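As C-alpha cells, the structure follows; a few thoughts come after it.
The values are calculated or read from the model by the stated rules, or taken from the named source; none is laboratory data. Just so we're clear, the structure is a prediction, and the values are computed from it rather than from any experiment. Neighbour counts run over all protein chains shown; Cβ positions are idealised from the backbone, glycine included.
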Amino acid sequence: MDSLYKSIILKNYRHPQNFGRLKNPDKTVQANNEHCGDRITLDVKLKNGRLKDIRFWSQGCAISVASASILTQAVKGKTTAEIFRLNKNFVLKKLGIKLSPNRLKCALLPLEAIQKALC
Amino acid sequence: MKNLKADFPIFKRFPNLVYLDSTATALKPKPVIAKINQYYRHYSANIFRGIYDISEKATYEYEKSRKIIAKFIGGAPEEIVFTRNTTESLNLLAAGLGQQFKGPVAITTTIMEHHSNFLPWQRLVKKRHGRLSIIGIGQSGHLQKPLQFINPDTKILAITYVSNVLGTVNDLPSIIKKAKKKYPKLIIIVDAAQAAPHLKLNVHRLGADFVAFSGHKMLGPTGIGVLWGKKGLLENLPPYQLGGEMVQSVSVAKTIFKPSPHRFEAGTPHIAGVIGLQKAAKYLQNIGLDKIHHHEQKLAKIAIHELKKAFGNRVRILGPKESEKRAGVVAFNIADTHPHDLAQILNEQHICVRAGYHCAQPLHQYLNANASLRASFYIYNNETDVVKLIAGLKRAVKILT
C-alpha cells in the first residue's frame, strides 16, 4: 500500500517539533483551511532579516501538523527572501509524499502561514 | 432488504467498494443510467418546440417525469418545478419571496441547516435589515422549543427535515401544524434533500408551503432538483430567471410569463436529468420508502453500537442516540485523531466516508466540534459494510495514535 502515513509523517505528527508558543514573538499569524477545519497559529522572531525562532500551534490533521513540524525546522535561520522563494515542490519534497488536490491544501497551510508571518 | 449491489454497475467495476457517502450523493442504478442513455441515443431533441416525433417524445417523457415526481411526494404535477438541485430551489425562493415582502424581513431557521438553507436567508435578512432567528438543539440532537423562535413578524420558517450531519429526523408534521395554527401567514420552507431519498414524503401531510430536494441524492442524475410549492403561492412568485421557454408572449413593450411551473424553467432544461429522475423515483417506490428508512435506521443503530464497542469513551457521536428518531447518517469524532486522516486511511481500504463540516459550519461551531467524520447508509449498504468500516477505523486509529 502506498500510504501517505509514512514514518516521517507519523513521527512528526506524534512528536511535532517547534510545537507551542513563543514568548514575546515579533509577529503572530493564523491561517485556516476552511475545507477541513485545520487551523494553525504561528509565532515568529526575526533578527537582521533572518528567521530567528518559530513555533506553531495547531489542531490539524497529520499531514498539516507534520508539514508544520518539518517546515518550521527547515526555515529556521533562513533569510526572509529565501523563505519567500519556497514553494509547493519544496514542501512535497520535504514530506516525501504525493498528495491529492484536497490534501495538498493541508500540506501547504504551514508554508502559507510562514510566508504570511514574514509579510 | 435484499442485496441490491448487482443493480449498481459501479460495484461491478469496484467489487470491494464500501460506499458510505450517500448523504453527499447516491450511486446510480441501471434503470436510471439506461433511461438517460436512451434519451441521448434515441430521442435527444429539445422539448416543447419541435413539431416532430422525437421532440414530442422528449416532451412526453419530460412531462411524465413531472407527474411521477408529483406522485412520489403526494403533490400535483403543476406544483413541481425542475431546478438544478436543492440549492437552486432554495435560492429561487429567497429571490422570489424577497421581492414579494415589504419592509424588513424576519426569518427563522435552525442551527442544523446545510449552508444551502442558511446562506440565502442570511443574505436576505441582511439586505432587508431584518432578523435571522436560529432554533438551537439540545444534547439529544433535537430542536429545542422551535415555536419560541417564531413571532408575528416572522415571514419565513426555513427548516430541514433530516439533518445531513446529525441524522436527526425533525418532527415536522407537528412543528408545522403548530406554527401554522399560530401564524397562518407564515411561509414554511422545507429542505427535504436528506428526506426525499430516505423516507416517505407527503407534502400535504407535511403541511409546508414549499419543499426542496435534489435528484442525485435519491439515485437520480446530478444537476436536477425539485421545488414543490403550493399552487397559489407558486403562481404569485416572480420568475427566477428570464429567457426562452418561460414566456407566453413577448413584445418590445410587454411580456407575459407562462403560468407555473414553466415560468420557473427558463432556457433548455436538463432534459436527460429530468427523464432519468423518473426511473429513480420508480426504483425507490418499488422497494418502498418505509422499508428503506427502516433498513438505514438498522444499519445506523449497528454502526453506533459497534463504534462505542470499539472505541468506548474515545468516540463522540453527534446527533440522537435513539435510532427511531434518526436517519442513516452517523457523524462522529474519535479522540486524538483528525477526521481527514481517518478518511484518508479508510480510502486506502476502499471505504468512502466524508470528513469535514459537511456544509454545516454553524452546527459544528455550536457543537464545538472542529470537524467530523460522517458515514451514511443507503439501500445498497449492508452489515458487512459496517463491519468493514469498524475494522478500517481500528486500523486507522492504530496507525495514527
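At-a-glance table
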read-out	value
Qualifying residue in the stretch A:6-16 (condition: touching a residue at least 60 places away in the same chain (Cβ under 8 Å) and either more than 13 Å from every other protein chain (Cβ to nearest Cβ) or at positive phi (or both))	yes
Every residue from the stretch B:316-338 that is in contact with a His (Cβ under 8 Å, 6 or more places away or on another chain) and not in a strand (DSSP E or B)	B:Pro320, B:Lys325, B:Ala327, B:Gly328
Considering residues of the stretch A:53-68 that are at pLDDT below 95 and either part of a loop (DSSP other than H, G, I, E, B) or charged (D, E, K, R) (or both) only, the residue surrounded by the most Cβ atoms within 10 Å (Cβ to Cβ)	A:Cys61
Check on B:Ser251, among the polar types (S, T, N, Q), surrounded by 21 or more Cβ atoms within 10 Å (Cβ to Cβ) and more than 14 Å from chain A (Cβ to nearest Cβ)	no
Failed item, numbered, when B:Glu245 is tested on (1) in contact (Cβ under 8 Å) with a residue 40 or more places away in the chain; (2) touching a helix residue (DSSP H, G or I) at 6+ places or on another chain (Cβ under 7 Å); (3) outside any loop (DSSP other than H, G, I, E, B)	(3)
Residue within the stretch B:378-388 that is in contact with a His (Cβ under 9 Å, 6 or more places away or on another chain) and within 30 Å of B:Gln122 (Cα to Cα) present	no
Condition check for A:Val75: surrounded by 15 or more Cβ atoms within 10 Å (Cβ to Cβ), out of contact with any Pro (no Cβ under 8 Å at 6 or more places or on another chain) and more than 14 Å from chain B (Cβ to nearest Cβ)	yes
Residue tally, condition touching a strand residue (DSSP E or B) at 6+ places or on another chain (Cβ under 7 Å) and of a type in the set (Phe, Trp, Tyr), over the stretch B:282-325	1
Entirely in the stretch B:93-190, the strands (runs of 3 or more DSSP E) that have 1 or more residues that are surrounded by 16 or more Cβ atoms within 10 Å (Cβ to Cβ) and either touching an Asp or Glu at 6+ places or on another chain (Cβ under 6 Å) or acidic (Asp, Glu) (or both)	B:106-110, B:154-160
Residue in the stretch B:285-307 that is more than 23 Å from the chain's Cα centre (by Cα) and within 14 Å of chain A (Cβ to nearest Cβ) present	no
Filter result for the condition that a residue is within 11 Å of another protein chain (Cβ to nearest Cβ) and either assigned to a loop (DSSP other than H, G, I, E, B) or touching a residue at least 40 places away in the same chain (Cβ under 8 Å) (or both), over A:Lys98, A:Lys23, A:Lys105	A:Lys105
Pairs with Cβ under 6 Å, 6+ apart, first in the stretch B:290-315 and in a helix (DSSP H, G or I), second among the aromatic types (Phe, Trp, Tyr)	B:Glu296/B:Phe377; B:Leu299/B:Phe377
Subset of the stretch B:360-401 [touching an Asp or Glu at 6+ places or on another chain (Cβ under 9 Å), more than 17 Å from B:Phe311 (Cβ to Cβ) and either surrounded by fewer than 17 Cβ atoms within 10 Å (Cβ to Cβ) or not aliphatic (A, V, I, L, M) (or both)]	B:Gln361, B:Pro362, B:Asn370, B:Ser376, B:Phe377, B:Tyr378, B:Tyr380, B:Asn381
